Amino acid sequence: MGAPRGLDFRPVTAASWDDFEALFEARGGPKYCWCMLWRATPEERRTTRGAARKPLIRQRIEAGVPVGLLAYEAGQPVAWVSVAPRQSFHRLGGPRAKPDDIVWSLTCMFVPRPRRGHGLTRQLIQAAVAHARQAGATVLEAYPVAPGSPSYRFMGRLGAFEAAGFEFVGMAGSRRHVMRLALEGRR
């Protein structure tokens, strides 16, 4: 597979559930978490694991809660980025933003192994920035890790976010770097 061409990024909605489900359940897909690691309430964390998280994300999507974007190529879902209002996540940690900031968080990305190394991560970040800006966010926050990190790699690597203009503002735990990008010229 060559470099992606003509990617179309669309928010996940109830109408695109089947595409979301197909990408997550495909070989190597993140069906073990259903992108609920940071979204789950304390009660949901205590009572659900793995496949049991699928109905939780579906409920949010069907209720119209923003969860992220699917990248499409030739009408087929080929990648995912979780980008949503900061308050829809729990336990992300890190320094607090200014009270008047409207913060959205980019918490994970999924690119199937055969498509890695073709610039999809960069495109997912760019699409997330545009989506958050369009939704009224004034800050986009991300939580990438250093290249050699043994965990949280699904949150992205530092270099990709630095290249996109994100700035380091602190740590969330021992591995996750809190990076922020001011949108619409705000600091």
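The values are calculated or read from the model by the stated rules, or taken from the named source; none is laboratory data. Since we're looking at a predicted model, the values are computed, not measured. A quick note on method: Cβ atoms are made from the backbone with ideal geometry, for glycine too, and the neighbour counts reach across all protein chains shown.
Would a scan of the stretch 56-73 turn up a residue that is modelled with pLDDT under 95 and among the hydrophobic types (A, V, I, L, M, F, W, C)? Show your work before the answer.
First pass over the stretch 56-73, keeping only residues modelled with pLDDT under 95: 73.
Adding the requirement that they be among the hydrophobic types (A, V, I, L, M, F, W, C) leaves none.
No, because not a single residue in the stretch 56-73 is modelled with pLDDT under 95 and among the hydrophobic types (A, V, I, L, M, F, W, C).
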Practice problem: Starting from the stretch 169-187, take each residue that is more than 14 Å from residue 158 (Cβ to Cβ) and of a type in the set (A, V, I, L, M) and list its partners that are in a loop (DSSP other than H, G, I, E, B) and modelled with pLDDT under 95, counting only C-beta distances under 6 angstrom and pairs at least six apart or across chains. | Solution: none
Exercise. Test residue 48 against the criterion of being under 19 Å from residue 78 (Cβ atoms), of a type in the set (S, T, N, Q) and surrounded by 11 or more Cβ atoms within 10 Å (Cβ to Cβ), and give yes or no.
Key: no
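Considering only residues that are of a type in the set (Ser, Thr, Tyr) and modelled with pLDDT of 95 or more, look in the stretch 118-150 and name the one that is farthest from residue 81 (Cα to Cα). Write out each step before concluding.
Residues of the stretch 118-150 of a type in the set (Ser, Thr, Tyr): 121, 138, 143, 149.
Adding the requirement that they be modelled with pLDDT of 95 or more leaves 138, 143.
Working: 138: 19, 143: 13 Å.
Looking at the filtered set, the residue picked out is 138.
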Practice problem: Could you please find all residues in the stretch 63-72 being surrounded by 12 or more Cβ atoms within 10 Å (Cβ to Cβ) and over 16 Å from residue 24 (Cα atoms)? | Solution: 65, 66
Practice problem: Considering every residue within the stretch 144-166, establish whether at least one is β-branched (Val, Ile, Thr) and closer than 22 Å to residue 113 by Cα. | Solution: yes
Quiz prompt | Residues that are touching a residue at least 60 places away in the same chain (Cβ under 8 Å) and either in a helix (DSSP H, G or I) or touching a Leu at 6+ places or on another chain (Cβ under 8 Å) (or both), drawn from the stretch 25-51 | solution = 29, 38
Self-check item: Extreme residue, nearest to residue 154 (Cα to Cα), among residues of the stretch 94-118 that are surrounded by 13 or more Cβ atoms within 10 Å (Cβ to Cβ) and more than 15 Å from the chain's Cα centre (by Cα)
Solution: 115
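In the stretch 1-22, which residue that is modelled with pLDDT under 95 and in contact with a Gly (Cβ under 8 Å, 6 or more places away or on another chain) is nearest to residue 90 (Cα to Cα)? It would help to see each step written out before you state the result.
First pass over the stretch 1-22, keeping only residues modelled with pLDDT under 95: 1-7.
Within this subset, residues satisfying the condition of being in contact with a Gly (Cβ under 8 Å, 6 or more places away or on another chain) are 3-4.
Numbers: 3: 35, 4: 33 Å.
Top of the filtered list is 4.
What about residue 113, is it touching an Asp or Glu at 6+ places or on another chain (Cβ under 8 Å) and over 16 Å from residue 65 (Cα atoms)? Walk me through it before giving the result.
Working: touching an Asp or Glu at 6+ places or on another chain (Cβ under 8 Å): no; over 16 Å from residue 65 (Cα atoms): yes.
The answer is no for residue 113.
Residue-by-condition table, conditions (1) free of Cβ contacts under 8 Å to residues at least 40 places away in the same chain; (2) among the polar types (S, T, N, Q):
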{"position": "90", "(1), (2)": "no, no"}
{"position": "95", "(1), (2)": "no, no"}
{"position": "100", "(1), (2)": "yes, no"}
{"position": "110", "(1), (2)": "no, no"}
{"position": "123", "(1), (2)": "no, yes"}
{"position": "138", "(1), (2)": "no, yes"}
{"position": "143", "(1), (2)": "no, no"}
{"position": "154", "(1), (2)": "no, no"}
{"position": "158", "(1), (2)": "yes, no"}
Quiz prompt | Members of the stretch 17-45 that are within 18 Å of residue 56 (Cβ to Cβ), surrounded by fewer than 18 Cβ atoms within 10 Å (Cβ to Cβ) and touching a strand residue (DSSP E or B) at 6+ places or on another chain (Cβ under 8 Å) | solution = 29
